[in-house]
1. If residue 472 satisfies every condition in (1) touching a residue at least 24 places away in the same chain (Cβ under 8 Å); (2) under 24 Å from residue 421 (Cα atoms); (3) surrounded by 20 or more Cβ atoms within 10 Å (Cβ to Cβ) but one, which is the exception?
2. What tally of residues in region 75-98 results from selecting those that are in contact (Cβ under 8 Å) with a residue 40 or more places away in the chain and in contact with a helix residue (DSSP H, G or I) (Cβ under 7 Å, 6 or more places away or on another chain)?
3. Could you tell me whether region 440-449 includes any residue that is in contact with a strand residue (DSSP E or B) (Cβ under 7 Å, 6 or more places away or on another chain), surrounded by 17 or more Cβ atoms within 10 Å (Cβ to Cβ) and closer than 23 Å to residue 562 by Cβ?
4. Which one is farthest from residue 225 (Cα to Cα), of the residues in region 4-54 that are assigned to a loop (DSSP other than H, G, I, E, B) and at pLDDT 80 or above?
5. Here are the criteria: (1) assigned to a helix (DSSP H, G or I); (2) within 20 Å of the chain's Cα centre (by Cα). Tell me which single one residue 101 does not satisfy.
6. Considering only residues that are over 15 Å from residue 120 (Cα atoms), part of a strand (DSSP E or B) and in contact with a helix residue (DSSP H, G or I) (Cβ under 9 Å, 6 or more places away or on another chain), which ones fall in region 270-308?
């Protein structure tokens, strides 16, 4: 059936009208028409699209009602990684001051007044929205920062997210922000669930994250979610404005929701004032936040400051004090981690804190438990913030009962044996934690090692979760990671809560994970003190696993940011025959990755020496001096510490010179620097 021009025009008018009223209602909170009139327009467009399917467009508002349920989410590689933001550990006003000091130091502008864009730190789910020629074509979760999940169908159900931008024909514009659930919508949704006898949501944050990761978009559509933009990813065909605040203003003009609680401030004083102002109104906000975010406003300065590992230097999250509640310690248990670390855990009278019910709280280690003098029967203060593991902050001594337990003694409590496998426990010199010596013989370590091995940022074996690992280890089916690759559908299907389809899906996921990267494999091995970033550095530097295995501590420490502790951990791991046996088994079952020749790094005259440059040198610029030092193998740091070997001081040296003199670090001038460089050539 041929579509008339009049019908095409009417469909366009309906789409434009509905999108306009969506913005008025969901973003501006200024509805222009009654709900009945909105519903009439919506039904008319639905009828036209059903009668003439060729009228359906990617930005049609009818797409918000959800589509076909998915079998799984498709991976999406972010062209521009979705980086996390460093958290300022000092939650007082001094945290804001420290960030400003750090920025001015990085810019070598100690007296500058820096402009910052201050924003709220929303408690929801990070998302990236990809618009092409102004039309929403894809939505992806953060994932591991490099690869997320395609959740486009679910995100289309969020009415505050525009399906088409206003006055934007950029080839690509990725808008990044936070999906959240307002407090009002959270309470209303839970009330409806309770009335229907259905499960309720634990807290707004979990409600947002759980909704977006529903495989059935129809279920996601029932959750009342909202969105705020705070950044961007890939941009093509659009010239970014000059500042962070101007970008957000521009996005807002395009119809993207941007929180009005933001401000451009000047210097540390401005940051402190913003932090205090939001703290005063935090409880009255319509949504949950757990802090504020400071960003250097000038994009040119952001580019100059750059990034460190997975975090921008030009931004920081400044949190507020965590929520705290009082409860009673019923017992003190000891858990065994994947590296054998023994952690005391307080078993609590359940208490609602930080948006969830808490019945366990970490005591970190024996020293911390004794310092706080936590005993069985004590009334304690428990803190939880966001996804942070609940912890015991302190004891309310005036409420301690007469029959409270003795001061905690981990060795005595466990009689010197691991509570899981019975192996001896040891406490190495200089360490706060006791450890089990059982290694993979210890079922607890085996379980945690397998979970880490299968985690998303490691081998990424979807479906190999806690309960299944418990069964596989308890039944002695899996003893090492290599045994995972020998699992068969029949044996898996016989386990509790594992049908044949689930078993087949897991076997497929295991097979798919065989082709990986060297960085993921090294991280998956669970070497102490080797995180994801260090594993990537090893992969780039050595190129092959054999080269990494054969490296001694001296060779390892030739790498930037690898010190004696990491080097010792790596050598100790590969020095254990059973670890190398597991690696060979993994290779024999088909686990593989691409390798290269690696980087060569000769031992230069100043390798291992750290220099700090301060003040104005007579003839050399700071960049020239840094280049000369790095050419000789030296590391040039931005601040003075006990590890600094030399401070090169020029005119108006300032606080770095004072710090060097305080620590007894050798101070030289430009002439002495040149003599030192010449003597090493």
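1. Evaluating residue 472 over (1) touching a residue at least 24 places away in the same chain (Cβ under 8 Å); (2) under 24 Å from residue 421 (Cα atoms); (3) surrounded by 20 or more Cβ atoms within 10 Å (Cβ to Cβ) leaves (1) as the failure.
2. 4
3. No, there is no match, as no residue in region 440-449 is in contact with a strand residue (DSSP E or B) (Cβ under 7 Å, 6 or more places away or on another chain), surrounded by 17 or more Cβ atoms within 10 Å (Cβ to Cβ) and closer than 23 Å to residue 562 by Cβ.
4. 4
5. Single failed check for residue 101: (2).
6. Within region 270-308, 298 is the sole residue that qualifies.
Table: residues versus (1) part of a loop (DSSP other than H, G, I, E, B); (2) modelled with pLDDT under 80; (3) within 30 Å of residue 238 (Cα to Cα); (4) touching a strand residue (DSSP E or B) at 6+ places or on another chain (Cβ under 8 Å).
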| residue | (1), (2), (3), (4) |
| --- | --- |
| 162 | yes, no, yes, yes |
| 167 | yes, no, yes, no |
| 175 | no, no, yes, yes |
| 191 | no, yes, no, no |
| 197 | yes, yes, no, no |
| 215 | yes, yes, no, no |
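Here's the yes/no breakdown for (1) in the same structural domain as residue 575 (by TED's automatic domain parsing); (2) modelled with pLDDT of 95 or more; (3) farther than 19 Å from residue 452 by Cα; (4) in contact with a helix residue (DSSP H, G or I) (Cβ under 9 Å, 6 or more places away or on another chain):
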| site | (1), (2), (3), (4) |
| --- | --- |
| 474 | no, no, no, yes |
| 489 | no, no, yes, yes |
| 495 | no, no, yes, yes |
| 526 | yes, no, no, yes |
| 534 | yes, no, no, yes |
| 542 | yes, no, yes, yes |
| 550 | yes, no, yes, yes |
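The values are calculated or read from the model by the stated rules, or taken from the named source; none is laboratory data. For clarity, every value in this text was computed on a predicted model and none was experimentally measured. As a convention, Cβ positions derive from the backbone with ideal geometry for all residues, glycine included, and neighbour counts pool all protein chains shown.
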